[in-house]
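Trainee: The structure's right below; bear with me while I get my questions together.
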Amino acid sequence: MTTTGVKTFRPGKALTLQVAAALVTVIALATWQATRALEKTALTDAYRERLRAEPLDSSMYTDATPDFTRLSLTGRYDPGRSFLVSEFPAAARGFDVVSVFVTREGSFLVNRGRQSGSPADAEVETPAGHVAVVGVAWPATPLSPGIRRETWSADWPKTVRAVDADRMAEATGARPREIRLEAGGPGVLRAASLAWTYTPGRHWSYAVQWLLIGCAVGVGYVVIGRRRGVRADSDG
């Protein structure tokens, strides 16, 4: 009588070691993706909470102030120093206006939003006197080497292809951070978007994919092991 069960499952030592290594790898990758998803979910929650919070007075601002913190700024626009930010400066697709805003605590780089037309023909109106605005401390975004090497003219306003807060700060003495002004304030044009996503869902998707791959490896291991066992029993 032929015994079934353990004797009909003979995957072999080499295959077992390979499958074990594969399962350890996919489980580790799935765990890493799940961890990244949880981290980004926490960042998303913090982002939403900061946008709902009361504005922080500019006197309490430091370089360590978290991204997306709302700031209350009181001061004046510097009418002589602004940056007209357009990815395609020669086209009439509109541009963002980043101005220097002077307060008692120092100068800030404020993104006043978007204006239609071409920077070459721009006439940006700037409020005079002291005003109060509310903005959001915006995170820096990576810039391509080509944009970082871009030559700026000596004149004002300067037409540039992207917001480079560090370089703008060097040129103006302002704090090296973009502050995106909220809609409705004095001097605010079509306010810049405050939308941001950390894409935690993408990491959950990757985690599930790795687990499915692990399941497929496990099923394949069982199928191959049983086939080898049946073949060995038949030969025996």
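Trainee: Could you tell me whether any residue of segment 92-107 is open to solvent by 40 Å² or more (accessible area, probe 1.4 Å), free of Cβ contacts under 8 Å to residues at least 24 places away in the same chain, farther than 30 Å from ARG52 by Cβ and not basic (Lys, Arg)?
Mentor: Checked against the condition, which is being open to solvent by 40 Å² or more (accessible area, probe 1.4 Å), free of Cβ contacts under 8 Å to residues at least 24 places away in the same chain, farther than 30 Å from ARG52 by Cβ and not basic (Lys, Arg), segment 92-107 yields no hits at all.
Trainee: Just give me the residues in segment 38-49 being crowded, with 16+ Cβ neighbours inside 10 Å and of a type in the set (Lys, Arg), in sequence order.
Mentor: LYS40 - this is the single residue of segment 38-49 that is crowded, with 16+ Cβ neighbours inside 10 Å and of a type in the set (Lys, Arg).
Trainee: Go through (1) closer than 30 Å to GLY201 by Cβ; (2) at pLDDT below 90; (3) open to solvent by less than 40 Å² (accessible area, probe 1.4 Å) and name the single condition PHE68 misses.
Mentor: Failing condition for PHE68: (2).
Trainee: Something else now. With the checklist (1) open to solvent by 10 Å² or more (accessible area, probe 1.4 Å); (2) touching a Pro at 6+ places or on another chain (Cβ under 6 Å) in hand, flag the one item LEU84 doesn't pass.
Mentor: Only one criterion is unmet by LEU84, namely (1).
Trainee: Take segment 12-30 and flag every residue that is among the β-branched types (Val, Ile, Thr) and either outside any helix (DSSP H, G or I) or touching a residue at least 12 places away in the same chain (Cβ under 8 Å) (or both).
Mentor: THR16, VAL19, VAL26, ILE27 - these are the residues of segment 12-30 that are among the β-branched types (Val, Ile, Thr) and either outside any helix (DSSP H, G or I) or touching a residue at least 12 places away in the same chain (Cβ under 8 Å) (or both).
Trainee: Continuing with the same structure: State all residues of segment 116-137 that are without any contact (Cβ under 8 Å) to a residue 40 or more places away in the chain and open to solvent by less than 60 Å² (accessible area, probe 1.4 Å); if no residue qualifies, say none.
Mentor: GLY117, SER118, ALA122
Trainee: May I ask you to list the residues in segment 21-37 that are of a type outside the set (Ser, Thr, Tyr) and exposed (fewer than 13 other Cβ atoms within 10 Å of the Cβ)?
Mentor: Selection gives ALA21, VAL24, ALA28.
Trainee: Do you know which residues across segment 50-64 are exposed (fewer than 15 other Cβ atoms within 10 Å of the Cβ), touching a residue at least 24 places away in the same chain (Cβ under 8 Å) and not charged (D, E, K, R)?
Mentor: The answer is LEU51, SER59.
Trainee: Name every residue in segment 145-160 that is in contact (Cβ under 8 Å) with a residue 12 or more places away in the chain and either touching a helix residue (DSSP H, G or I) at 6+ places or on another chain (Cβ under 6 Å) or under 26 Å from THR197 (Cα atoms) (or both), in order of residue number.
Mentor: Answer for segment 145-160, where residues must be in contact (Cβ under 8 Å) with a residue 12 or more places away in the chain and either touching a helix residue (DSSP H, G or I) at 6+ places or on another chain (Cβ under 6 Å) or under 26 Å from THR197 (Cα atoms) (or both): ILE147, ARG148, THR159, VAL160.
Trainee: With (1) of a type in the set (A, V, I, L, M); (2) in contact (Cβ under 8 Å) with a residue 24 or more places away in the chain; (3) within 30 Å of LEU15 (Cβ to Cβ) as the list, and ALA169 as the residue in question, which single condition is left unmet?
Mentor: Only one criterion is unmet by ALA169, namely (3).
The values are calculated or read from the model by the stated rules, or taken from the named source; none is laboratory data. Just so we're clear, the structure is a prediction, and the values are computed from it rather than from any experiment. Neighbour counts are summed over all protein chains in view; Cβ atoms, including those assigned to glycine, are modelled from backbone coordinates with ideal geometry. Please note that ligands, DNA and RNA were not included when accessible areas were found on the heavy atoms of the full protein model with its side chains. Shrake-Rupley method; radii C 1.70, N 1.55, O 1.52, S 1.80 Å.
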